[in-house]
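Asker: I have a structure here, written as structure tokens, and I will follow up with some questions on it.
The values are calculated or read from the model by the stated rules, or taken from the named source; none is laboratory data. Quick caveat, the model's predicted, so the values are computed rather than measured. Note: ideal-geometry Cβ built from the backbone for every residue, glycine included; neighbour counts use all protein chains shown. With ligands, DNA and RNA removed, areas are computed over all heavy atoms of the protein, side chains included. Shrake-Rupley method; radii C 1.70, N 1.55, O 1.52, S 1.80 Å.
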Amino acid sequence: MDQSTAERLNILRSVSIFTETPEESLLDAAGLLKKIEFKAGQKIFDKGDPGDCMYIIVHGKVKVHDGELILNYLGKWDVFGEMAALDPEPRSATVTAVEDTYLLRLGQADLYELMNRRTGVSRRIIQILCQRLRARMRDMVEDFEYMQQFARVTAAAVAVEAGVYVPESLNEVAARSDELGQLARVFQRMVREVDTREKRLKQQVAELRIEIDEVKKTRQVADITETEYFKELRNKARQLRAGRSERED
Amino acid sequence: MSKILSIHSFRGGTGKSNTVANIATLLAVENQRVGVIDTDILSPGIHVLFGLDEGEMTYSLNDYLWGKCDITQAAYDVTPRLDASIPGRVFLIPSSIKAGEIARILREGYDVGLLNDGFHSLVDRLNLDLLIIDTHPGLNEETLLSIAISDMLVIIMRPDSQDYQGTGVTVEVARKLDVPRMALIVNKTPEVFDPDEVKARVEQTYHCDVIAVLPHSDEMMTLASSGIFALHYPDHPVTAAYRQVAKILTG
């Protein structure tokens, strides 16, 4: 095994679709890899180009971008374009070398050929696709929950305006550790502070009005104290108290 | 010290029964013997707070007054249900638990002399330091009677415009009944109020001492009628305020 093959084997072992591939299969794959070099600034492929191969970075650095928008930087031993090698579709982003970069290229026909010969490679590829599908479904569920919880914050804002806001409606969102959770907590606190301030203002007015309608009170007291029952009760209570204090003396 | 204390509020929902239960319990913690008469017969009773089931209460104060039972049969020692380590005693005396008897009280009323003797013999027989009467809201004849034969009246009110007028009437009526001591407790005070200011303003309005300004407590709301707040939250500011009230009442 020459040095270049040994290096290629090492690189292939680090690529997810080959991690569980036995050495002899890897040797097969290593033979199929084509070495390509790009100068810094050189485009590797453009968004929309037909894609039919995957790349492994041996050294250097590339950026994945869509015009000015940079989506990702990739470096040594990173793989890109592997989906296109399995299922040809136009490239979804542009990849440009940002340093002088040395890549290994595996074409679709070679990969298919390898999959025919080595069922282990096919199995591993199916596994990886399943894992990605599961992860994507998890993401979708999370995204859906996120959107639902985000809608609760919006609903809370509408409720505040309508005067029907219930602070507890945001408890679940506020328990999140991400930025949405922080938004919900800040929202709850702000509404509480504004509410307290409003109440304080209202109650300052109420405080000044600890007033009693004296005319009404006099009438209400008289309604009770002018009754025969009350007069009798008062006299008896006086006698009882006097009797008791005499006994105690 | 006052032997017979009526705790009253003009309107319902002031937290009267909770206050009575907590003060009675804290006094028992301080090795006092306390009787609690529940005359608030028409609303959910204080017995729930003391963990006493209606089925366990065979006799009531009325049975004793009408000579149907001994006072010890109408007084239920609820202390072990609260906390076995409490050195004092809390006795609960339900005023009446049977619908027919409630009707008879409402029809005939209590006799003032009989009730007075009853209360004093309760104090003597159970060797009580304090007898607290949890009165019925409003100012009906039974409530007036309880107030008339009490040594002290404590009126509980909320800082709420609906309580101001009724409390004014109650204070005035109690003065005409020559109750020897009278004090106010302001309960369920929203946090936005300054307690000292509330105390000053209420005292100035009613010319009557305010012995506590208790805050509105979410914890208490949560605990609701399922237990004694002071035992669940011994270090809570509300409990400290109850303790202060208990001290004043027996001082």
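Asker: If you check every pair at least six apart or on different chains, which have Cβ atoms under 9 Å apart with a residue in region B:191-204 that is within 17 Å of residue B:154 (Cα to Cα) first and a residue that is outside any loop (DSSP other than H, G, I, E, B) and open to solvent by 70 Å² or more (accessible area, probe 1.4 Å) second?
Answerer: Correct list of pairs: B:203/B:209.
Asker: Could you list, in sequence order, all residues of region B:142-151 that are at the interface with chain A (Cβ under 7 Å from one of its Cβ atoms) and among the β-branched types (Val, Ile, Thr)?
Answerer: First, pick out the residues of region B:142-151 that are at the interface with chain A (Cβ under 7 Å from one of its Cβ atoms): B:144-145, B:148-149.
Passing the criteria: only B:149.
Asker: Sticking with this one: Out of B:154, B:169, report the one residue that is modelled with pLDDT of 90 or more, crowded, with 20+ Cβ neighbours inside 10 Å and away from chain A (no Cβ under 13 Å).
Answerer: Values: B:169 fails: away from chain A (no Cβ under 13 Å).
Unique residue meeting the criteria: B:154.
Asker: Among A:71, A:103, which is part of a strand (DSSP E or B) and within 26 Å of the chain's Cα centre (by Cα)? If you could, list the steps in order and put the result at the bottom.
Answerer: Numbers: A:103 fails: within 26 Å of the chain's Cα centre (by Cα).
Going through A:71, A:103 in turn, the sole match is A:71.
Asker: Of (1) part of a helix (DSSP H, G or I); (2) crowded, with 18+ Cβ neighbours inside 10 Å; (3) touching a residue at least 60 places away in the same chain (Cβ under 8 Å), residue A:113 satisfies all except one. Which?
Answerer: Going through (1) part of a helix (DSSP H, G or I); (2) crowded, with 18+ Cβ neighbours inside 10 Å; (3) touching a residue at least 60 places away in the same chain (Cβ under 8 Å) one by one, residue A:113 breaks only (2).
Asker: Moving on to the next point. From the set of residues in region B:129-141 that are touching a residue at least 12 places away in the same chain (Cβ under 8 Å) and within 10 Å of chain A (Cβ to nearest Cβ), which is farthest from residue B:197 (Cα to Cα)? Can you show your working first?
Answerer: Pass one, region B:129-141, residues touching a residue at least 12 places away in the same chain (Cβ under 8 Å): B:129-139, B:141.
So of that shortlist, the ones also within 10 Å of chain A (Cβ to nearest Cβ) come out as B:139, B:141.
Numbers: B:139: 29, B:141: 35 Å.
Across region B:129-141, the extreme among qualifying residues is B:141.
Asker: Got a sec? Which of B:100, B:118 is at pLDDT below 90, open to solvent by 10 Å² or more (accessible area, probe 1.4 Å) and not hydroxyl-bearing (Ser, Thr, Tyr)?
Answerer: Numbers: B:118 fails: open to solvent by 10 Å² or more (accessible area, probe 1.4 Å).
None of the others qualify; the one that does is B:100.
Asker: Which residues, taken from region B:1-15, are open to solvent by less than 10 Å² (accessible area, probe 1.4 Å) and under 18 Å from residue B:47 (Cα atoms)?
Answerer: B:6, B:7, B:8, B:14
Asker: Which one of these is more than 9 Å from chain A (Cβ to nearest Cβ) and of a type outside the set (Val, Ile, Thr): B:190, B:215, B:159? Don't jump to the end; show me each part of the working.
Answerer: Values: B:190 fails: more than 9 Å from chain A (Cβ to nearest Cβ); B:159 fails: more than 9 Å from chain A (Cβ to nearest Cβ).
Answer to the selection: B:215.
Asker: Could you list, in sequence order, all residues of region A:1-37 that are touching a Lys or Arg at 6+ places or on another chain (Cβ under 7 Å) and open to solvent by 90 Å² or more (accessible area, probe 1.4 Å)?
Answerer: The answer is A:20, A:34.
Asker: State whether the residues of region B:207-220 include one that is acidic (Asp, Glu) and either within 23 Å of residue A:219 (Cα to Cα) or in a loop (DSSP other than H, G, I, E, B) (or both).
Answerer: Kept after step one, since they are acidic (Asp, Glu), are these residues of region B:207-220: B:209, B:218-219.
Okay, now just the ones that are also either within 23 Å of residue A:219 (Cα to Cα) or in a loop (DSSP other than H, G, I, E, B) (or both), so none.
Among the residues of region B:207-220, not one is acidic (Asp, Glu) and either within 23 Å of residue A:219 (Cα to Cα) or in a loop (DSSP other than H, G, I, E, B) (or both), which makes the answer no.
Asker: Take residue B:178 and tell me if it is within 13 Å of chain A (Cβ to nearest Cβ) and at positive phi. It would help to see each step written out before you state the result.
Answerer: Numbers: within 13 Å of chain A (Cβ to nearest Cβ): yes; at positive phi: yes.
So residue B:178 fits the description; yes.
Asker: Let me ask something else. Listed residues A:185, A:124; which is surrounded by 13 or more Cβ atoms within 10 Å (Cβ to Cβ), assigned to a helix (DSSP H, G or I) and more than 21 Å from the chain's Cα centre (by Cα)? Reasoning before the result, please.
Answerer: Values: A:185 fails: more than 21 Å from the chain's Cα centre (by Cα).
Going through A:185, A:124 in turn, just one is surrounded by 13 or more Cβ atoms within 10 Å (Cβ to Cβ), assigned to a helix (DSSP H, G or I) and more than 21 Å from the chain's Cα centre (by Cα): A:124.
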